Amino acid sequence: MTTPFLQIRGLRKTYDQVVAIDHVALDIKQGEFMTFLGPSGSGKSTTLYIVAGFQEPTEGQVLLNGKSLLDVAPNKRNIGMVFQRYTLFPHLTVGENVAFPLRVRRRPESEIKAKVEKMLELVHLADYRDRLPGQMSGGQQQRVAIARALAYDPPLLLMDEPLAALDKKLREEIQFELRRIHQETGVTILYVTHDQEEALRLSDRIAVFSQGRIEQVGTGEELYEHPSSRFVAGFIGNSNFLPVKVEQMGAGRARAIFPNGQAVEGDARAFAAGSEGTLMVRPEQMRIRPHATSAQGLAVTVRDMTYLGDSMHFAVQTPWEQELAVRMAVRDGQGLCIGSSAVLEWDSQHGHVFA
Amino acid sequence: MPTALSSVAVPARRRFRLSAQTRGIKLMLPVLLLLLVFFLVPVLTLLLRSIMEPTPGLQNYAELLGSQTYVRVFFNTFMVAGVVTLITLLVGFPTAWLLAILPPRWSRLLFAVLLLSMWTNLLARTYAWMVLLQQTGLVNRVLLGLGVIDQPLTLVNNLIGVTIGMTYIMLPFLVLPLHATLRAIDPSTLRAAAVCGASRWQSLRLVLLPLALPGIASGALMVFVMSLGYYVTPALLGGTSYMMLAELIAQLVQSLLNWGLAGAAAFVLLVVTLGLYAVQLRYLGAGRSGMGGR
Ligand SMILES: Nc1ncnc2c1ncn2[C@@H]1O[C@H](COP(=O)(O)OP(=O)(O)OP(=O)(O)O)[C@@H](O)[C@H]1O
Ligand SMILES: [Mg+2]
């Protein structure tokens, strides 16, 4: 087995009493687009900054191609980085900004010129070479920052919420360009965001951070279909969480009962019988029927319905007065109206029981 | 409809702005008057005396620029001011940088030290330096005790004394504006320089210094101009060998009662100062707007 391109091992970082990150471990393949996703304060930036060299871990190791990065000064790590705030050098033109990393490496002038041109073309800003950063929009500045970070062909590109300050339309535009740049250059990218949609759109794999730890690592599909915890399920996509009491554990499946005594089954990790838990079901995997079609169905009342063009959104109320969200194709929702009693159904493999 | 509205609104606003401006000038009148009486009138009197006494003409200026002694004083003045500015920059830049990056507790302490020294009486501070720097003073005794030297150094009544004393006095005038400039620089800009591969030295030379240039220039100019006209410290710490312009003027007025020549010297100093100020406005004004949004 070959050594992984980038290995993050047992990272821990504390500030006095505050534990910023703990037990952070991750292997990243060459050319992979890996995203750190998590709420504010979950330790994404701290992890990234340790890889970049701006912070030293209290414990742990970072290896690039099997060699430790921690003893290497930030300016010798040969890593590219794009920050959330615009960090172009305000006194240098766009061209000079992109040339900066090549200048400090004392590359020949002819090479610098060619490379700057190539990088500005990559980010579609060839005509802006002589502008000052202050004369450009935020989106353009971030594109220049990407060009600057890639100018010296770093094997690894770090990005800390580079699009957070941009409006939605611009963000989507640059996300699209980032995917293209990733494909064209083959650079390995570590990307930080707290926007799940952005993470799903860009990444090969996503590491979900929560309170300084990685909760789960996987492709977007894996995280969505098989979340390992209630936190991940809640953070990626929309979910319904129903209170249950676990009665029996089988091989990867649990039998549980709802507050009204009705039995239900779902995927589950190891569970102690008798403990309280939560059953998670995605809104689009639930169906509302006027009458029960199988034994497993929850009697509900339709409280609200919204026509969304491609689908219908329902709010239904359970016997224990909890509101659940349901999404169905428009034609499947025919015959339902607000206030009517109905039966809520889902396939039991779409139910996940969490602690 | 909207066009009609805006065509009415614009002149209305302009009229309001104009009236606000004239009102502002009216409010400033007492200050302007004060400046006129206490600043412009003495300067004009001085100028007048420099071209009228003892007889009308430019002979005072001719004497000032023709005599070896006086030219020497001019040279000393500019040299001392230049050396002081340079040393103040060399000490002040790291100090301002420290102030900007130290944790708040420590930077507050450093600030307090700076301001406290600034608020202490000038004469007291200068005498304190005389005591510290004399042959049997603390500095010489420490150096002798450490075995760095075996003869006491002559640290007062020469260029060294003036430079030390003046640098100390000028330091806050450089550090305070420079600190404000440095504080405004986003630390992640320097981080970006580091990830780009710049060494500390390259970051300083290629990013920090250019960004700090407006602060450096205005602080340095302030120090230079103040040094040009400084009297107390050069007189006490410099002795007679490095007479500066302010001392010359004092001597001309007090001992020789030569108001004409003193006026000419003072006027030359004023013109040089204003000239430097104009240069700063011209080049740094342009430089700053070129910096763009940040
Ligand atoms: N200099 C510091 N001193 C003390 N605590 C810090 C410091 N820097 C970060 N922390 C703490 O470490 C934790 C992780 O911070 P980090 O910046 O990595 O979060 P993040 O996931 O990047 O959040 P965000 O999405 O808001 O950027 C937070 O609880 C934060 O308060
Ligand atoms: Mg962050």
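A short reminder: the numbers here are calculations on the coordinates, not readings from a lab. Everything numeric here is computed off the predicted structure, so don't read it as measured data. Cβ placement follows ideal geometry from the backbone for every residue including glycine, while neighbour counts extend to all protein chains displayed.
Label sites at A:D127 and A:D71, each approximated as a point 7 angstrom past Cα along Cα to Cβ, lie 5.2 nm apart. In a simple Cβ point-charge model (Lys, Arg +1; Asp, Glu -1; nothing else charged), chain B has a dipole of about 1500 debye relative to its Cα centre. Note on the protein assembly as shown: dipole from Cβ charges, positive end direction compared against B:M118, B:L274, B:G145; the farthest Cα belongs to B:L274.
Counting DSSP beta bridges in the protein assembly as shown, what percent are antiparallel, to the nearest 5? Once the DSSP bridges in the protein assembly as shown are tallied, antiparallel ones form about 75 percent.
Rounded, prolate or oblate: which one fits region B:38-188, using the alpha carbon gyration tensor with axes a ≥ b ≥ c (rounded when a/c is under 1.5, else prolate when a/b beats b/c, else oblate)? Because a/c hits 1.5 or more and a/b fails to exceed b/c, region B:38-188 counts as oblate. Taking every C-alpha pair closer than 8 Å and separated by at least 6 residues, the mean separation divided by the residue count of chain B gives a relative contact order of 27 percent. In percent, rounded to a whole number, the relative contact order of region B:86-211 is 32, using alpha-carbon pairs under 8 Å and six or more apart.
Charge dipole of chain A (Cα centre as origin; +1 on each Lys and Arg Cβ, -1 on each Asp and Glu Cβ, all else neutral): 800 debye, rounded to the nearest 20.
Rank the residues A:T87, B:T163, A:T2 as a footprinting-exposure proxy: fewest other Cβ atoms within 10 Å of their Cβ go first.
Starting with the residue having the fewest Cβ neighbours, the order is A:T2, B:T163, A:T87.
Set Lys and Arg Cβ to +1 and Asp and Glu Cβ to -1, take the dipole of region A:238-354 about its Cα centre, and tell me which of A:V326, A:M312, A:M286 lies farthest positive. My answer, from the dipole projection, is A:M286. In chain B, helices alone account for a calculated mean residue ellipticity at 222 nm of -26000 deg cm²/dmol, with every DSSP H run of four or more residues adding -39,500 (n - 2.57). Helix A:94-104 and the longest principal axis of the C-alpha atoms of chain A enclose an angle of approximately 70°.
Screening chain B for whole DSSP H helices with an alpha carbon extent of at least 30 angstrom along the helix axis and a mean Kyte-Doolittle hydropathy of at least -0.5 yields B:2-35, B:68-101, B:159-183, B:259-290. What shape does region B:68-284 have by the C-alpha gyration tensor, where a ≥ b ≥ c are the square roots of the eigenvalues, rounded means a/c under 1.5, and otherwise prolate means a/b greater than b/c and oblate the rest? Taking the square roots of the gyration eigenvalues as a ≥ b ≥ c, region B:68-284 is oblate. May I ask you to derive the FRET efficiency for A:R213 and A:R9 from their Cβ-Cβ distance with R0 = 22 Å, giving the value to the nearest 0.05? After rounding, the FRET efficiency stands at 0.95.
In chain B, taking the dipole from charged Cβ atoms about the Cα centre, the farthest positive-side position among B:L98, B:Y168, B:Y231 is held by B:L98. Here's how it looks for A:F209: its modeled amide H is under 5 Å from those of A:L37, A:G38, A:E215, which are all 5 or more places away or on a different chain.
Using a/c under 1.5 as the rounded threshold, could you call region A:150-220 rounded, prolate or oblate? The axes a ≥ b ≥ c are square roots of the C-alpha gyration tensor eigenvalues, and prolate needs a/b larger than b/c, oblate otherwise. In terms of gyration-tensor shape, oblate. Within the protein assembly as shown, the proportion of C-alpha pairs whose separation exceeds 42 Å stands at 53%.
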